[in-house]
Every structure is written in structure tokens, then in C-alpha cells.
Amino acid sequence: MDTQKIDSSLKFADGHTMPNQGLGVYKMTEERELIDSVKVAYDAGYRLFDTAQMYGNEAAVGKAIKELSVPRNEIFVTTKVAEANQGYDKVIASVEESLKKLQLDYVDLLLVHWPIHQHFFETWKAFEALKEQGLTKSIGTSNYGMVHLEYLATKANEMPVLNQLEVHPYLSQEAMINFDRKNHIVTQAWAPLGRGRIFEDPAILKIAKHHGKSAAQIILRWHLQRGDSFIPKSVHPERIKQNADIYDFKLTDEEMAWVDALNKNTRISQEPEMVYEIGHQYPHH
Ligand SMILES: NC(=O)c1ccc[n+]([C@@H]2O[C@H](COP(=O)([O-])OP(=O)(O)OC[C@H]3O[C@@H](n4cnc5c(N)ncnc54)[C@H](OP(=O)(O)O)[C@@H]3O)[C@@H](O)[C@H]2O)c1
């Protein structure tokens, strides 16, 4: 049965728990704006905050958390190791630096931001060591395809408990999500709103009208009912609140199928296989 709010008890294979919904902070570069957004989100029930070394805002996230002034175990913080910081020693040093910026003793979840073939296993070894040392509670991946996860399994002592992927109605990732599920890996959707490119879709608008909800709320409710975690980003208080106000209605099976049918397998961002080959993200539109 649905609760009326964000559910903080999504269980990982390693025994830790995570909220099903969080706030993404990519492109929040204004410190005050980020701090205010985290505060509004916290008041609206968000407990999970998703940053990355690459976003250049870990220090601002640290200040925002400090200003919340809540017990550490009430919030869940994710950061991600950038491609340039992969390799055993660099991972360890860069995560120590991230923790300093975040003003935290540990993060709840540490992700490899993108798979790259250089240092592929070394990076993961460092992740396992950081978990062992208590500098992160859980370890996971981002943008890993099946082949990357299967390759990782050949040498890993522990497998990722979460894989953060680009997922939205135009890139529904059904096969990847089923693969993750079969392997006890939680899928977390990044760009869950398709970065705003799906709001005018007639099917979404029709469903939104029927429920008296916004397009964003319909899309997030679709993620929820599929069983994924999701981390929409907004700097607007009304939108931050609206995005968490999705627990009081339900899409019918037919409406879920309409949204499923919108899949076009189109990406907003990088192709993981390309990043893996060239070792870093590449310029794109
Ligand atoms: N692992 C990875 O490789 C990766 C890559 C990209 C992103 N991420 C993570 O995923 C998070 C979310 O993805 P994202 O930021 O790329 O895209 P997103 O959450 O799908 O979309 C964010 C965009 O939608 C707008 N928006 C949000 N809520 C809205 C609403 N209710 N009504 C109208 N517009 C709304 C936001 O504008 P305003 O802010 O102006 O409201 C922003 O332009 C990121 O912040 C980041 O933490 C991870």
C-alpha cells in the first residue's frame, strides 16, 4: 500500500535503506539557491540529496546540510567519483576531499559516475575499501550497462547495490531495469523528468488533465509505480514541493501502458559505451 509521502525504507542488498525519492542538484551552481532548495526539499519530506564531484557543488551541499541542523542519520547523501579521479589512489584521495567539502564523516552512497575501461577494477577495489573503512555506507554504479556489470562481477567482492541510469518515458530502460532487479540492484532514475522535454507530450498531458496533476507529477508517479528510485532536480520551491506531492493518486494499468508506449530509446546525455571506450564524457548537444 502507498504511504502519503516519500518512503525512506527502500532496502539495498547490503542491508542499508534509502529513500525512494531524492533531490538532484546537478547544475545548481549558486550556493544560496542550492542551500534554499535543500531546505525547501527537506521541509517537503525529501531526505536524499544527490551530488557528484563533477557538479562542483559538494561544498555548497555541505553548507546546506549543516544549515538543516538535523541528526546525520536523518538524511541520505550520495556523491559520485568523476572519471578523472578513477584509479585506486585517486579514488581514495578524491573521496576524502569530497567528505571534507561535504563536512561529513561518511556518505550514504558512493557511485562510480561513469564506467571507463581504464582502472575499471582498481576503482571498484577502492570503493570496497572505502566501504570497509566506513567512509561510505553503500557502494554503487552509475551508467553501467549489462556488460559492465557482468564484467565487474568477474572480480568484485561485493556488487553494486544501486545503478543510477538515465530513465524517463522516452528512454524507459525496461531491459536494464529487469537486469538490475534480477541482480538485486536498485535502479535509480536520473533525469527522471527527461530534463523537461516530455512535459508537452499529448499522452502525458491527457493523463495529467484526468488526474488534475501536472505533467511532472504524472511522470514521477510512473517511476514510482514501476518501482524505481528517482531524483528530480528543481530550484523552484513550488516545483520541489509539487514533485513530492505524488503519493495521493494512482495511474491505472492502462495509463501506465500509455506512458510505457512513449519509449523512443533516445538519450539526453552520454552513451555509456562511448564513455567507457574514450575514458571521459564527450561534448554533446
Ligand atoms: N549519474 C549521472 O550521470 C547523472 C546525470 C545527470 C543527472 N544526474 C542526477 O539526476 C538529477 C536529475 O536529473 P536532471 O537534473 O538532469 O533532470 P530532471 O530532474 O529530469 O529535470 C530537471 C529540469 O526540469 C525542471 N523541472 C523540475 N521539476 C519541474 C516541474 N515540476 N515542473 C516544470 N519543470 C520542472 C527543472 O527546472 P528548474 O530547476 O528551473 O525548476 C530542470 O530544468 C540531477 O540533478 C543529478 O543529481 C545524474
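Among the protein heavy atoms of the range 141-285, carbon and sulfur supply 53% of the accessible surface, probe 1.4 Å, non-protein parts ignored. Reducing the range 29-101 and the range 199-243 to their Cα centroids gives an inter-centroid distance of 25 Å. With the convex hull constructed from alpha-carbon coordinates only, the range 137-274 shows a mean projected area of 9.3 nm² over all directions. About the centre of its Cα atoms, the chain shows a dipole size close to 420 debye [charges on the beta carbon of Lys, Arg (+1) and Asp, Glu (-1) only; nearest 20 debye].
Positive-end ranking of Asn85, Tyr55, His117 along the dipole of the chain, with charges on Cβ about the Cα centre, is headed by Tyr55. Structure note, pairs Lys63/Lys137; Lys63/Lys250; Lys206/Lys250; Lys11/Lys213; Lys5/Lys182: Cα-Cα distances above 25 angstrom occur for Lys63/Lys250; Lys11/Lys213; Lys5/Lys182. Using θ = phi - 60° in the Karplus curve 6.51 cos²θ - 1.76 cosθ + 1.60, the 3J(HN,Hα) couplings for the range 56-67 round to x, 10, 4, 5, 5, 5, x, 5, 4, 5, 4, 5 Hz; x is entered for Gly and Pro. Multiplying the residue separation of Phe249 and Ala13 by 0.36 nm and subtracting their alpha-carbon distance yields 82.0 nm. Computed over the range 10-267, the convex hull of the alpha-carbon atoms projects to a mean area of 13.0 nm².
With contacts taken as Cα pairs under 8 Å at a separation of at least 6 residues, the chain carries a relative contact order of 20 percent. With point charges of +1 on the Cβ of Lys and Arg and -1 on the Cβ of Asp and Glu, referenced to the Cα centre of the chain, which listed residue (Pro283, Ser8, Leu152) lies farthest in the positive direction of the dipole? Of the listed residues, the answer is Ser8. For the range 141-184, the list of trypsin sites (Lys or Arg not before Pro) that fall in a loop by DSSP and count at most 14 other C-beta atoms within 10 angstrom reads Lys155. Charge dipole of the range 102-142 (Cα centre as origin; +1 on each Lys and Arg Cβ, -1 on each Asp and Glu Cβ, all else neutral): 60 debye, rounded to the nearest 20. Taking the three principal axes of the alpha carbon atoms in the range 30-175, the coordinate ranges are 43, 38, 25 Å, sorted in descending order. Helical content alone sets the calculated 222 nm signal of the chain at -12000 deg cm²/dmol, taking -39,500 (n - 2.57) per DSSP H segment of four or more residues and averaging over every residue.
Taking +1 at the Cβ of each Lys and Arg and -1 at the Cβ of each Asp and Glu, which of Phe127, Met28, Met176 sits farthest along the dipole of the range 10-267 towards its positive end, judged by Cα position relative to the Cα centre? It is Met28, whose Cα lies furthest towards the positive end. The range 178-196 and the range 129-163 have their alpha-carbon centroids 15 Å apart.
The values are calculated or read from the model by the stated rules, or taken from the named source; none is laboratory data. Keep in mind it's a predicted model, so treat the numbers as computed, not measured. Every residue, glycine among them, receives a Cβ derived from its backbone with ideal geometry; neighbour counts consider all protein chains shown. Accessible surface is based on the protein model in full, side chains and every heavy atom, while ligands, DNA and RNA are left aside. Shrake-Rupley method; radii C 1.70, N 1.55, O 1.52, S 1.80 Å.
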